[in-house]
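Comments concern the structure below.
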Amino acid sequence: MKIQIQRKGFLLLLISVFLIWNPAESIRFDLESGHTKCISEDIKSNSMTVGKYHIVNPNEGNPLPDSHKVTVRVTSAYGNSYHSSELVTEGHFAFQAVEAGDYMACFFADDNKPSTTITVDFDWKSGIASKEWTSVAKKGSVELMEIELKKMLDTVQSIHDEMFYLREREEEMQLLNKATNSKMFWFSFLSILVCLSVSGIQLWHLKSFFEKKKLI
């Protein structure tokens, strides 16, 4: 049993390293006029997150058509707004997450006739992936080895925070299981007590009935 737990922990650690060390690339998606598309990102509390977006020009060298504009809103899992821009062709946002959970970035295109399709390029990074190490190196003239060491340090710190987060979730689940078991115990106890009480009342009623009829 301990070996299985150790293997699971080691596998979880490898997955965490892979996810943290390989930041997600920007994505492109098509958005039809009059429609909305939302992208979610699971962000831990007190984590830094940055995002930037722009509309891809369908005709290189020419200005964007007036119909190629979007309204963007970023909200937390509790509905709190962290970014809002209306009818823009590009933009960016950056904030430190106060609430943990799934954050939503929603893109809406106004209804146009004839209908048009807008291509949006969106880059959203959180945690260690949100740090621009290239710009740090250029600004500070830092050696490449030092940059790599800083990356590793932040990766280890992120894994450390992730392990503590998972441990807290495990403790919450254990408390929830204990509370559920306690409720089920009292519910079962009360159910048995009610059944015994009903059985006792029925026996008393039958005994009284038979005594009145002088059958016993």
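Only one entry of Val70, Val74, Val98 meets the criterion of being under 30 Å from Arg169 (Cα atoms), open to solvent by less than 30 Å² (accessible area, probe 1.4 Å) and β-branched (Val, Ile, Thr), and that entry is Val74. When residues in region 82-93 are screened for being farther than 19 Å from Ile55 by Cα and either loosely packed, with under 15 Cβ neighbours inside 10 Å or touching a Cys at 6+ places or on another chain (Cβ under 8 Å) (or both), 0 of them pass. Annotation: Gly79 fulfils all but one of (1) open to solvent by less than 60 Å² (accessible area, probe 1.4 Å); (2) over 24 Å from Ala100 (Cβ atoms); (3) at pLDDT below 95; the unmet one is (2).
For region 102-151, the set of residues classified as modelled with pLDDT under 85, among the β-branched types (Val, Ile, Thr) and crowded, with 16+ Cβ neighbours inside 10 Å consists of Ile128 only. With respect to being part of a loop (DSSP other than H, G, I, E, B) and either loosely packed, with under 15 Cβ neighbours inside 10 Å or under 27 Å from the mean Cα position of the chain (by Cα) (or both), Asn46 fits the description.
Checked against (1) in a strand (DSSP E or B); (2) at pLDDT below 95; (3) more than 28 Å from Ile159 (Cα to Cα), Pro58 meets all criteria but (1). The single condition among (1) at pLDDT 80 or above; (2) outside any helix (DSSP H, G or I) that Glu162 does not satisfy is (2).
The values are calculated or read from the model by the stated rules, or taken from the named source; none is laboratory data. The structure displayed is predicted, hence computed values, not measured ones. Positions of Cβ are backbone-derived with ideal geometry, glycine not excepted, and every protein chain shown enters the neighbour counts. For accessibility, only protein heavy atoms count, side chains too; no ligands or nucleic acids. Shrake-Rupley method; radii C 1.70, N 1.55, O 1.52, S 1.80 Å.
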